[in-house]
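Working notes for the structure below.
The values are calculated or read from the model by the stated rules, or taken from the named source; none is laboratory data. What you see is a predicted model; the values in this text were computed from it and never measured. Cβ placement follows ideal geometry from the backbone for every residue including glycine, while neighbour counts extend to all protein chains displayed.
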Amino acid sequence: MVRSVGAAGLERIELQRLTERIRRLFTVLQEAEEAQAPGAGAWLPAADLCETTKAICVRLELPGITAGQIKVVLTSDKVRITGEKKVRKPRQPIVSHLCSERSYGRFDRVIPLRWPISMKDATAHLANGVLLIRLPKLKDRRGLEFKVPVREIEDPE
């Protein structure tokens with residue numbers, strides 16, 4: 001038997017749906033702002049974010065930077081890569097720059113994550129000016145049943 005929902009019930013359902021849509025939109029906008037804003041850094045390294053069946057891979061172009069100049073911090077919902085690319089002192093004095101397109105100074109890149117990842121199994125490698133961060137995915141546990149053991153204890157009173 002199908003139960004009829006009154007006008008007030010339909011309005012409540014529509015309001016719940018609208019609230020959820022606004023919440024999702026706000027989350028997406030917040031992630032986009034974090035990903036695009038360079039923060040206090042002077043430049044923003046180019047990044048690629050790729051997904052495989054087993055991991056999330058982040059690649060950043062960091063030419064002229066050593067591994068010791070990079071800091072990678074991982075939380076459950078984002079990866080933050082910070083560091084500094086220092087200007088090298090020229091061997092001969094420069095009279096003027098005819099063209100200068102390379103970026104120097106501090107950088108701060110935040111990449112939001114939408115997947116559950118294993119933080120303890122994450123790895124980062126720097127080779128040929130490209131930083132590769134591999135973040136293994138966790139199996140999605142939603143919908144699975146977990147049995148919680150119940151122990152019997154004596155009444156302390």
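Please enumerate the residues belonging to the stretch 52-71 that are among the basic types (K, R) and either within 16 Å of the chain's Cα centre (by Cα) or under 15 Å from G129 (Cα atoms) (or both). Of everything in the stretch 52-71, those that are among the basic types (K, R) and either within 16 Å of the chain's Cα centre (by Cα) or under 15 Å from G129 (Cα atoms) (or both) turn out to be R59, K71. The number of residues in the stretch 28-69 that are modelled with pLDDT of 90 or more and either in a strand (DSSP E or B) or not assigned by TED's automatic domain parsing to the domain that holds I111 (or both) comes to 12. Of all the residues in the stretch 107-129, those that are loosely packed, with under 15 Cβ neighbours inside 10 Å, of a type outside the set (G, A, S) and not in a loop (DSSP other than H, G, I, E, B) number 5.
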